[in-house]
Amino acid sequence: MKVAILGATGETGKFLSLLLKRSCLIDEVSIYDKEDTRYLATELNHIDTRCKVTAYPRDAECLPRTLQDAKVVVLLAGKNLQGESTPTELLESNAEILSDLLPSVIRSCPRAMIAIAMYPVNSLVPIAVEMYKKVGIYEHKRIFGVNTLDCVRANSFVAETIGIAPECVIVPVIGGCCPKTCIPLFSQMTPRVNLPPEEMTRLTCCVKTADEEVLKANNCLNASIYAAAFAIGRFCISLCKAVRQQSGVVECAYVRSCVIPEVTYFASQLELGPDGIQKYLGIPPLNNDECKLLTEAIPVLKEAICKGERLALGPEEQSSEKCPVYPDKCHRALIPSYIRRM
C-alpha cells in the first residue's frame, strides 16, 4: 500500500508524513514538494516502523516516480488563509497549483483515491472532477474533499461538554468545508445525548470559529497544523482500509453528490470501499436549527462550486454535472421541508 503526499514540506505535511509512517496499513509513503524532500525522508526513515518513506531528486521524473503505483494521493500543496491574500486570490493561486499537479496524478495513478486538503476545498473538488473528465476519466467516486478536521473538532468539543472520552464520540459534519457551509449534526451524534438547543448552538459556533481561535492563540502566525495533520491522517487511514477491502469504513467527506438536489457537491457520511464511495449514507433527520444552517449554506456552496467549474472550464462553458429534478413536491420544496425533522 503506497500513499503519496504532494506538499509534504509544509508544517502540516511534515507531521502527516510522520503519522502515516507509523501506520501498519501502509508500506510506503512517498513525499513530494516544490523543494527537495529527501532530507525529510532520511530522518523519517530513522523511525523503526515497517513503512518506508521515499523521496526523489528534483528532476523531471520526481513527480511521476512519487506517484507511481500510489493507491492514495493526498494534495496538501498551496497557500492557506493565514496570509494577506484574499479568498479569490487564494482560490486562483491554489487552483493553478492543483491544475499543475493533477495531470501527473491522472497519468501515473488514474485510479488512486484522491484526498484534497487544500483551500478552498468547496471549489477545488469540482475543478479536480472536471480535469479528470477532460481526459475521458469519470472517477468522481475516488475524489474526496477532506472535512475530517471539522469532524474531530466536533467530537472533541462535545466530548468535553458531556464528560466522555473523545474516541467514543462520532459527530457527522455535513455541508461544505468552510465556516459558512460546515454543519455539525450534534442532534445525530453517537452516543445519542439530548443536548439543550443553546448548547448545540454554542458547540456549532466553536466548530465554525475554531480556525480563528487557533490563529488568535498563535498571534496569527499559523492556522491549525497538528490537528489538521491528525485529521487528514485519519481520513487517509480510512481510505487505506477501504482499498484493503475492510468492511464498515464510514467517513464524512465533500464529494460529487446529489443527496441535496440543489447542489452537485456536498459533504455527508459515506461508506467507503475499494472503488471509492461504496454508498452515500444520505442526510439524517435534522432539527430546526440544523435545517436553517443547511438552508443558509446552499447558496454559499453553489457559488463556490460555480467558481471552481468556471476556473476548470472557462467562463462560457457549463459543467455537465447535474442533479435530477424531482417532480414530487416533497423534493421540490425548500430544504427544511424535504429533510425530515426530528
Among the candidates Leu25, Leu101, Leu75, residue that is surrounded by fewer than 18 Cβ atoms within 10 Å (Cβ to Cβ) and closer than 30 Å to Tyr138 by Cα: Leu25
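Conditions (1) touching a Ser or Thr at 6+ places or on another chain (Cβ under 9 Å); (2) of a type in the set (Phe, Trp, Tyr), marked per residue:
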{"residue": "Gly7", "(1), (2)": "no, no"}
{"residue": "Phe15", "(1), (2)": "no, yes"}
{"residue": "Lys21", "(1), (2)": "yes, no"}
{"residue": "Glu35", "(1), (2)": "yes, no"}
{"residue": "Ala41", "(1), (2)": "yes, no"}
{"residue": "Leu44", "(1), (2)": "yes, no"}
Failed criterion for Ala242 (all others in (1) in contact with a strand residue (DSSP E or B) (Cβ under 6 Å, 6 or more places away or on another chain); (2) surrounded by fewer than 19 Cβ atoms within 10 Å (Cβ to Cβ); (3) in contact (Cβ under 8 Å) with a residue 60 or more places away in the chain hold): (2)
Conditions (1) modelled with pLDDT under 95; (2) among the hydroxyl-bearing types (Ser, Thr, Tyr); (3) surrounded by 15 or more Cβ atoms within 10 Å (Cβ to Cβ); (4) more than 26 Å from Pro197 (Cβ to Cβ); number of the one not met by Ser320: (3)
Kindly evaluate Glu271 against the criterion of being of a type in the set (Asp, Glu) and without any contact (Cβ under 8 Å) to a residue 60 or more places away in the chain. yes
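Hey, among Ser247, Ser238, Ser224, which residue is part of a helix (DSSP H, G or I) and closer than 30 Å to Asp27 by Cα?
Testing whether each residue is part of a helix (DSSP H, G or I) and closer than 30 Å to Asp27 by Cα leaves just Ser238.
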In the stretch 272-285, anything outside any loop (DSSP other than H, G, I, E, B), surrounded by fewer than 23 Cβ atoms within 10 Å (Cβ to Cβ) and either under 15 Å from the mean Cα position of the chain (by Cα) or among the aliphatic types (A, V, I, L, M) (or both) is listed as Gly276, Ile277
How many residues of the stretch 117-134 are surrounded by fewer than 23 Cβ atoms within 10 Å (Cβ to Cβ) and within 24 Å of Glu61 (Cα to Cα)? The answer is 3
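Can you name every one of the strands (runs of 3 or more DSSP E) wholly within the stretch 1-85 that holds 1 or more residues which are within 20 Å of the chain's Cα centre (by Cα)?
So the answer is 2-6, 28-32, 72-75.
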Between Ser224, Ser238, Ser268, which is more than 24 Å from Ala8 (Cα to Cα) and small (Gly, Ala, Ser)? Ser268
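The values are calculated or read from the model by the stated rules, or taken from the named source; none is laboratory data. Worth saying up front: this structure is predicted, and the values here are computed from it rather than measured. Reconstructed Cβ throughout: ideal geometry from the backbone, glycine too, with neighbour counts over all protein chains shown.
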